[in-house]
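This structure is in structure tokens; I'll ask about it shortly.
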Amino acid sequence: MASGNPIKRMFDLYTSELSFNEIERLIKKESAAVYEFYKTEIPPVVPSQNKFKRALIFTRSLFNAFLLKLSAARRVFYLSALLIFVIGLLVNNHAYLIFSFSIINILLAFELADKLVVKDDLEMAKKIQTSLMPEVPPENEHYTITAYSEAAQDVGGDYFDFIVSEKSGKTFMIIGDISGKGMAAALYMVRVQAIVHFLIETHSDIKEIITELKKYFAKKLKREYFLTITIASIDSNGKIRFCRAGHTPVLHYKKRTNEFAVLNPKGMGIGLNDKGMFEKVLTEETVETEKDDILFFYTDGVSEMMNIAKLQFGEERIKRIIMENADKPAEEIKERILQTIKRFQGDAPVNDDLTLILLKTK
């Protein structure tokens, strides 16, 4: 009985915590994400070439893209292992095959160790970024407020915040999006948050806050990055004033008439070549709501979420979900939106951070 146990123990060791969902994720999601990672290094297909030649070029390009991601030393060891493996096959020498197999496994162990170290760092960065976001929205006498944010990677470039100014007593809502995703976008967004907090305590006018943010922040951005942001304030009488610097429009569902207004005041993204027009173009809009009206602020990761067929979720779906669930509490409307997005996405990879703020008038 004991003699049969080692095989079972080995089987249990390698299949522990294995599930069908994990296999499905590996095949459908992770393989697609890996391809997207290497795709930037692969030259575009030439339609005039025959299929066999295109396949050879693609395979070679994919292999080269993989090799170039390795460090120079590991690249040499990997190619040496492949060469030893081929020689072992040709001369039928098992020792060569075992040796090449050992080299590749040692390299795999190094790569895995690097990945785990980076993963630990990213987990810590994720915790820090999450701690900078508000855990719960502030209580407000005029609105029920709910929000949600999810990064496409461990950390992301979306940002939302609620700040109650000690100076003016106003409640400010901020939602922003740095182009791109990952660590670089997250680091930029931390800087945005610090600047916005400072400006809200020194300025009460939203247009001034965004203009000053542009002055402080635009010169720090690398050329390939830009920021879109919407800043809104809730007055003591419930009026909402907001400006948007190139950000997605605000959707205003009017309960009394059962229709939407798309609030899209002029404004340019921060970091773009505005040719001195930023301050001239930026406009402020005031919104007055009635009971059970809904205001929806979001980043483009919501409307541009893609499914496996490369179709976008779109603004019209957002409107339909809000309209169909307008009688429900704000939190439940938010959950319906998120559930519908997840169903729509299916097995498609997440390509952008997703953030939303929803207000319902009391």
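What is the Rg over Rh value, at two decimals, for the chain, using alpha-carbon atoms and the Kirkwood definition of Rh?
We get a ratio of 1.08 for the chain.
Any lysines with Cα under 27 Å of the Lys119 Cα? List them, leaving off those in the same chain fewer than 8 positions away.
Filter leaves Lys28, Lys29, Lys39, Lys69, Lys127, Lys181, Lys222, Lys342.
Right, here's the next one. Extension gain Tyr38-Lys51, at 0.36 nm per residue separation less the Cα-Cα distance, in nm?
Contour length minus the Cα-Cα distance gives 2.6 nm.
So what is the calculated 222 nm ellipticity per residue for the chain, using -39500 (n - 2.57) for each DSSP H run with n of 4 or more, over all residues, to the nearest 500 deg cm²/dmol?
-15000 deg cm²/dmol
Additional query: Can you list the residues, at least 5 places off or on another chain, whose amide H is less than 5 Å from the amide H of Phe226, using H built in the peptide plane?
Ser179
Now for a different question. How far, in nm, would the chain grow between Ala218 and Lys254 when pulled straight, counting 0.36 nm per residue and subtracting the alpha carbon separation?
9.3 nm
OK, next. Go ahead and run the numbers for FRET between Thr283 and Met133, Cβ-Cβ distance against an R0 of 22 Å, rounding to 0.05.
Taking R0 as 22 Å, the efficiency between Thr283 and Met133 is 0.20.
Another question about this same structure. Please state the charge dipole magnitude for region 20-127, taken about the Cα centre, from unit charges on C-beta atoms (+1 on K and R, -1 on D and E), reported in debye and rounded to the nearest 20.
440
If the only charges are +1 at each Lys and Arg Cβ and -1 at each Asp and Glu Cβ, what is the size of the charge dipole of region 135-361 around the Cα centre, to the nearest 20 debye?
Working: 31 positive and 36 negative charges, 136 e Å.
In debye, rounded to 20, region 135-361 gives about 660.
How far is helix 72-91 tilted off the main Cα axis of the chain, in degrees rounded to 10, range 0 to 90?
So the helix axis and the longest Cα principal axis differ by about 40 degrees.
Continuing with this model, one more query. Ranked by Cβ crowding within 10 angstrom, fewest neighbours first, how are Thr40, Thr230, Thr171, Thr340 ordered?
Details: Thr40 7, Thr230 28, Thr171 22, Thr340 17.
Least crowded to most crowded, the residues run Thr40, Thr340, Thr171, Thr230.
On to the next question. Could you work out the relative contact order of the chain? I mean the mean sequence separation of Cα pairs under 8 Å and 6+ apart, divided by the number of residues, in percent.
Value for the chain: 16 percent.
If you line up the Cα atoms of region 20-127 on their principal axes, what length do they span on each, largest first, in Å?
On the principal axes, region 20-127 reaches 54, 43, 34 Å in Cα extent.
Please compute the modelled spin-label separation between Ser236 and Val118, points set 7 Å along Cα→Cβ, answer in nm with one decimal.
5.3
Quick one: Thr355, Thr228, Thr144, fewest Cβ neighbours within 10 Å first, how do they rank?
Thr144, Thr228, Thr355
For Lys342 and Lys310 in one chain, what is 0.36 nm times their gap in residues minus the Cα-Cα distance, to one decimal in nm?
The span from Lys342 to Lys310 would gain 10.1 nm if fully extended.
At a Förster distance of 51 Å, what's the computed FRET efficiency of Ser168 paired with Ser71, Cβ-Cβ distance as r, to 0.05?
About 0.45, to the nearest 0.05.
The numbers here are math on the coordinates, done by the rules we state, and not lab data. These figures come from a predicted structure and were not determined experimentally. Glycine gets a Cβ as well: all are built from the backbone with ideal geometry, and neighbour counts include every protein chain shown.
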